[in-house]
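Trainee: Before anything else, here's the structure in question.
The values are calculated or read from the model by the stated rules, or taken from the named source; none is laboratory data. Keep in mind it's a predicted model, so treat the numbers as computed, not measured. Note: ideal-geometry Cβ built from the backbone for every residue, glycine included; neighbour counts use all protein chains shown.
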Amino acid sequence: MSRTAIVLGAGMVGVSCALSLQKRGFAVTLIDRREPGSETSYGNAGVISRASILPLNNPSLWKSLAAYLRNDHPAIRYRWGHLFKNPGWILRFLAEARPSRLQHRIAALDSLTSLALPLHRALMDEAGVRHRLRETGSLKVWRSEAGPEKAQAEKLWFEDHGVRCEVYDRQGLSALEPDLNPIFSAGLLQMDSGSVDWPQAIVQAYAALFASRGGRVVTAAIEDLSKTADGWSVRTDGGEKRADIAVIALGPWSAEILKPLGLAVPLNVERGYHRHYHAQAGRKLSRPFLDVEAAYMLAPMEKGFRLTSGVELAHRDAPDDHAQIDEALPRAKEAFALTQPAETTTWRGSRPTLPDSLPMIGEAPQNPGLWLAFGNQHIGFSTGPVTGEILAALVAGETPVADPTPFAPERYL
Ligand SMILES: Cc1cc2nc3c(=O)[nH]c(=O)nc-3n(C[C@H](O)[C@H](O)[C@H](O)COP(=O)(O)OP(=O)(O)OC[C@H]3O[C@@H](n4cnc5c(N)ncnc54)[C@H](O)[C@@H]3O)c2cc1C
């Protein structure tokens, strides 16, 4: 009889874990209260990033703190109440920005992002959604006169770290993205990144692949998790499910379910918003771009152009504050001919982040059979499949595709 597994959460990370465990012979049940890919894995910018190897809390954060103090910066907004309620997380997050804490985290993120596109490509082939993948890279653009110098410096830094980039001047950018308005002094094309035209469609195709191979997808709200004599039991509003092992892949909801087990995970969230817009007839983008100084991304999607905001440090469930995305819209219109909203709602999501900006992948200490896969911060859409592969290899006692040491739960538990 095959061993059994329950994966809690059907975002990109959970679906990927389910597929990777299934590949290793597990009979897997995947549980989510919503359709697969309906939360954080729905609303992201769809970039499959090779280049996101520098954590947000790197030494330059200290230099930027003064600029963030007025709390009007497009890249980071915060609610004072949230910071005061989470001093421990904030201090640990800032402490990780020390130079001595940088190199091993870059190496760890590199080990994930270097496999992101290859693993997605293979899964998309199997799931029949390869047509949704654009292998046209991801673009960063600068407005200021310092842009060319910054782009060149970043290119050199990335090349030192094995990430291929190309610098574009104003004319070069016009040739690369003809419909981008010529307001940018320089651009950096991160060539080994890709992007998709509807992130949820990818998660759902992976979930359908999992189901087509005999996996069970259950729609139910998870209420509780407990140890049994020979495995784990998950109580849901649709009844109890039992299995030999349980995998927590609940993204920004992962910490709550672990608390009653005495596992206090320092998980916080970096919230973000998106809206979809139409553009003037015939205007196109071949890839998402990040407007560095205005701190928004604009990504071409199936249902319009998706404008995503920077980071908001607030409680996961606190009411929306649209100031950041409202301010991003006119800046995005300076760059590209956006017109009417394609929908009336503003989406909000929460990037799940641990203080060192690395995910937690591995078995929970003192809890055999309880596996953790969350905390993929800004790159969980990209790194879901590699997270799943590392986790399933550890479960099966194989050597994982990347060194799991930096992601070990023991660093916090
Ligand atoms: C604005 C924005 C832009 C981003 N852009 C990118 C990008 O371009 N590229 C990239 O790689 N990443 C990006 N990210 C980050 C990425 O979206 C996340 O890291 C990733 O989606 C996390 O996936 P996950 O599976 O861990 O979490 P989720 O996708 O949130 O999945 C968790 C699941 O758990 C379920 N769940 C929670 N509680 C319960 C319960 N009690 N019962 C049942 N089910 C439950 C939820 O319904 C959900 O489906 C972005 C994020 C944001 C917010």
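Trainee: Could you grab me the full set of residues in segment 195-218 that are within 12 Å of the ligand (Cβ to nearest atom) and either touching a Gly at 6+ places or on another chain (Cβ under 9 Å) or free of Cβ contacts under 8 Å to residues at least 12 places away in the same chain (or both)?
Mentor: SER195, VAL196, PRO199, GLN200, ILE202, VAL203, GLN204, TYR206, ALA207, VAL218
Trainee: Also: I want to confirm something. Restricting to segment 342-355 and keeping residues that are within 15 Å of the ligand (Cβ to nearest atom) and not hydrophobic (A, V, I, L, M, F, W, C), which single residue is farthest from ALA255 (Cα to Cα)?
Mentor: THR345
Trainee: Same structure again: Mind listing just one residue for me: the one in segment 1-46 that is assigned to a loop (DSSP other than H, G, I, E, B) and of a type in the set (S, T, N, Q) and, of those, modelled with the lowest pLDDT?
Mentor: Going through the qualifying residues, I end up with SER2.
Trainee: Tell me, which residue of segment 337-362 that is surrounded by 19 or more Cβ atoms within 10 Å (Cβ to Cβ) and among the charged types (D, E, K, R) is nearest to GLY88 (Cα to Cα)?
Mentor: So the residue we want is ASP356.
Trainee: Is it the case that GLU96 is more than 16 Å from the chain's Cα centre (by Cα), modelled with pLDDT of 95 or more, under 23 Å from ALA373 (Cβ atoms) and crowded, with 19+ Cβ neighbours inside 10 Å?
Mentor: Criteria met by GLU96.
Trainee: Same structure, new question: Might you let me know whether segment 67-79 holds any residue that is within 20 Å of VAL218 (Cβ to Cβ) and either under 19 Å from the mean Cα position of the chain (by Cα) or without any contact (Cβ under 8 Å) to a residue 60 or more places away in the chain (or both)?
Mentor: no
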